[in-house]
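S.K.: Have a look at the structure that comes next, please.
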Amino acid sequence: MRPNTEVTTPAPAPTPMAAGRSRGFTSLSTAMFKSFYRDWLSVGFSVFFPLFFIIIFGTIFSGGGSSSAPTVIQVGAVPVIDQLPPEAKAALDDAVNIEPGTTLEAALAQVQKGDAGGAIEQQGNTLIVHYSSADQVTSATVQGIFNAFVNEANIAASGVPPTYQLDTQQVEDQSLKPIQFIAPGMIAYGIAVGAVFGAAMTLITWRQKQLLRRLRLAPVSTGTIVTSRVVVSLAVALVQLALFIGISVLPFLGLKLSGAWYMAVPLVIAGTLAFLAIGLFVGAVAKTQEGGSGLANLITLPMAFLSGAFIPLESAPAWLSTIGKFLPLTYLVEGLKDVMVRGEGPQAALLPIGILLLFAVVVTFIATRFFRWDSA
């Protein structure tokens, strides 16, 4: 019997270059993770600070700013308003901006989305005001204005029983709590701060300690360094998202997810890339940790107010709302609200994702123009 002469060829061993890249990526990622969680300032601003607001605002929230003339959509004929004398109509127009609507369904959609402060219709002698709990101050203002208006109308019809009645109806589920509108903004703010501070502080610290110069001379490509930073930032952001949602859905806060809430994941990824680009820019231009921290706060804190993360944009003056449309955090906040609590489908997240990714590309390009390997 002939012996078996078949020779088994061993699997090729990984090349030294590939093994070195793998070890370099792992080492860099581990170092960046440690750099993040050892910096309590970054952890505090990106995790504990937003979490504090979620819990406090979700528990005792009592409203944000107010608008001098909230928009109210008129559905169909409302004789008690249409037949007002010119003086009375002018006075009402000073208090609310009444716009004609098409259908009740379309008007309610605008109110729920935050594009209008309320919708009004008349059934018999009853005025029905539809409002949203997204902005409690605006809804209370609208209800108060029309309550006073109905009282005046009843007084005008003196000598007879009250002619008109007012009924107010919330467009969302009556069980919804303010946390529905607090959580998305705080989640977006936490993601933004985590990405900005994480990237900026890493660059500044490593440059001061001349680690960047050593990495430049080491057999580690620039692509490996950038990829490590991106992977770490995305991992931290997804952990933040899970943590914030996990706490917000607890019974004492009561967040209820609706619509295509799973689209929060790609939204957070796109938002992280956008704010990572801002962090790279801050890390490129700042020379010290103190300067980097101050610049990062100077960017993220005002942006939180101007984007609707802290207060609804509908409550802000028109010029502030206009500024907010140019800020990336606005699109992350609105995108999260649409898919998490407003019941929108996955298509509602596509435009915000596209804008955030475009912003990331542009700002990353700008940051590379300022990037330097050492402090000299």
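Here, each number is a calculation from the coordinates, and none is a lab measurement. This is a predicted model, so every value here is computed, not measured. Cβ: placed from backbone, ideal geometry, glycine included. Neighbour counts: every protein chain shown.
S.K.: How many angstrom separate the Cα center of region 233-247 from the Cα center of region 264-316?
M.R.: Taking the Cα centre of region 264-316 as reference, the centre of region 233-247 is 17 Å away.
S.K.: Which whole-Hz couplings ³J(HN,Hα) result when phi for each residue of region 345-361 is put into the Karplus expression 6.51 cos²θ - 1.76 cosθ + 1.60, θ = phi - 60°, listed in order with x for Gly and Pro?
M.R.: Per residue, the Karplus-derived 3J(HN,Hα) values read x, x, 5, 5, 8, 5, 5, x, 4, x, 5, 5, 5, 5, 4, 4, 5 Hz.
S.K.: Still on this structure, please answer the following. Please state the shape class of region 301-374: rounded when a/c is under 1.5, otherwise prolate if a/b exceeds b/c and oblate if not, all from the C-alpha gyration tensor.
M.R.: It is oblate, given that a/c is not under 1.5 and a/b is not larger than b/c.
S.K.: Give me the distance in nm between label points sitting 7 Å out from Cα along the Cα-to-Cβ direction at TRP373 and GLU99, one decimal.
M.R.: In this crude spin-label approximation the distance works out to 5.6 nm.
S.K.: Let me ask something else. How are the alpha carbon pair distances in region 263-309 distributed across 10 Å bins from zero to the largest one, expressed in percent?
M.R.: 25, 46, 25, 3
S.K.: Next up: What residues qualify as long-range amide H neighbours of THR71, i.e. H under 5 Å apart, gap of 5 or more or another chain, H built at 1.01 Å from N?
M.R.: Hits under the 5 Å cutoff: ASN97, GLY117.
S.K.: Sticking with this one: One-quarter of the Cα convex hull surface for region 184-305, in nm²?
M.R.: So the mean shadow area of the Cα hull is 8.5 nm².
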